[in-house]
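I have placed the structure first, in the form of structure tokens, so that the comments after it can refer back to it.
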Amino acid sequence: MSAPTAHPTARRSPIVRLLHAALIAVMLVLTSGLAAANAEDVTLSIAPGPSDGSTGRGDTLAWFLEPGTTVQDSVVITNYNDTSLQLALGAKDAITTSDGNLDLALADVPDTGIGAWIALPQETVDIPAGQSVTVPFTLTIPADAAPGDHSGGILVSYTTPGASVSVDDRVATRVDVRVAGELTATHEISDLAVEIPSTWSLLTPSTATVTYTLTNTGNARIYANETITASGPLGIGALRTTATLAEVLPGATVQRSVKVDARALLWNRITVDTTSFAVDETPGTAVSLETSVFAAPWTQLIVMVLLLVLAVVLGVRLSGRLGRRTAAPPAATPSPSTPPQADDADDVAPHVPSSAPAPQADDADDVSSPAPDSRALGALGALDALDARDDGDGIPRS
């Protein structure tokens with residue numbers, strides 16, 4: 001057995017440690033915990049064998065190995081029942097299901113990774129009641145193994161007879177290997193679709209369904225941070241929903257369907273932002289995708305339509321009034337150069353335009369002298385009296 005290469009210790013954030021702990025807990029419940037086809041009848045477990053550190057792993061069956069490396073290790077299978085069990089024994093590649101869960105490939109699916117790299121000494125194992133059995137195995141990394149992360153599991157299975165269908169139940173413990181070489185933590189998202197129901201309230205968010213496809217295009221196991229933003233025109237009323245996706249194996253595709261809060265603002269923009277990183281926090285890629293969808297706030301639309309109809313009606317009435325005023329004939333006004341014609345000569349005096357020029361005298365004798373004042377008139381009267389006293393000799397008397 002060639003010596004394995006130790007995995008360099010990576011400093012992990014609390015989020016990654018929490019995700020790892022949750023994943024291990026799920027796997028233990030799924031694979032290493034108590035499992036039974038009939039819980040009342042069969043309970044058993046399978047777990048990694050004891051480790052002294054000589055194989056380069058910790059408490060889990062996980063290694064960082066060079067191509068061509070061979071590792072000897074073991075698993076422990078425990079029967080918790082009152083009767084003995086005969087179990088089938090095997091190894092399979094791991095897969096990520098379309099809904100994002102970790103599982104093992106079906107029995108009839110050929111293995112190309114861990115399932116093909118593990119050799120077991122037997123195909124079945126008998127376990128006495130209440131006893132445990134240690135089963136050794138050999139893990140051999142091919143010389144041409146692709147660099148990156150490979151996952152699988154060692155499993156035991158048993159068949160529970162049924163009235164019409166027999167159920168084959170499997171219990172497994174996980175195996176992870178990172179083959180030395182260039183590591184890529186990349187992903188893509190596609191097929192974004194959104195459904196936002198119309199609502200009667202603009203203030204109360206409705207629930208939108210956002211679906212898209214995420215594909216791990218690298219060779220590392222990745223997590224992905226997801227942010228979905230729903231907003232109206234110009235970013236109005238933006239609402240954000242965040243999540244961290246569970247582990248996605250290399251080459252796996254996950255169909256995401258997420259319920260998010262969104263306001264029906266006629267033209268709604270939905271943006272999906274994703275950032276991936278490997279399980280050891282190796283930075284990945286950031287990918288975004290957006291689309292727009294129509295959703296109506298019916299209450300606001302009805303109010304807008306009513307206001308528009310009211311504005312049109314008022315505009316029509318106002319324009320009608322202005323049109324009637326414009327069409328009325330103006331009042332007749334006399335021309336300054338044409339005197340009005342009298343209906344009766346006795347009733348109307350001749351009209352003399354005020355602007356007509358005064359007549360000019362042809363001779364100075366025709367020009368009227370100013371009227372004499374009262375003193376001049378008195379003097380003339382006195383001369384007339386003297387003339388009256390003349391006795392005819394032509395000499396006036398005083």
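Key figures for this structure:
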| item | result |
| --- | --- |
| Of all residues making up segment 217-242, the number that are part of a strand (DSSP E or B) and surrounded by 14 or more Cβ atoms within 10 Å (Cβ to Cβ) | 12 |
| All positions within segment 189-205 that are at pLDDT below 65 and assigned to a strand (DSSP E or B) | THR199 |
| Residue within segment 126-149 that is touching a Leu at 6+ places or on another chain (Cβ under 9 Å), surrounded by fewer than 17 Cβ atoms within 10 Å (Cβ to Cβ), free of Cβ contacts under 8 Å to residues at least 60 places away in the same chain and part of a loop (DSSP other than H, G, I, E, B) present | yes |
| Qualifying residue in segment 87-97 (condition: in contact (Cβ under 8 Å) with a residue 24 or more places away in the chain and in contact with a His (Cβ under 9 Å, 6 or more places away or on another chain)) | yes |
| Flag for GLY100 being at pLDDT 95 or above and on the phi > 0 side of the Ramachandran plot | no |
| Selection from segment 172-188 of residues that are part of a loop (DSSP other than H, G, I, E, B) and under 17 Å from ALA252 (Cβ atoms) | LEU183, THR184, ALA185, THR186 |
| For THR70: the one exception among (1) modelled with pLDDT of 90 or more; (2) surrounded by 16 or more Cβ atoms within 10 Å (Cβ to Cβ) | (2) |
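The values are calculated or read from the model by the stated rules, or taken from the named source; none is laboratory data. All of these numbers come straight from a predicted model, not from anything done at the bench. Positions of Cβ are backbone-derived with ideal geometry, glycine not excepted, and every protein chain shown enters the neighbour counts.
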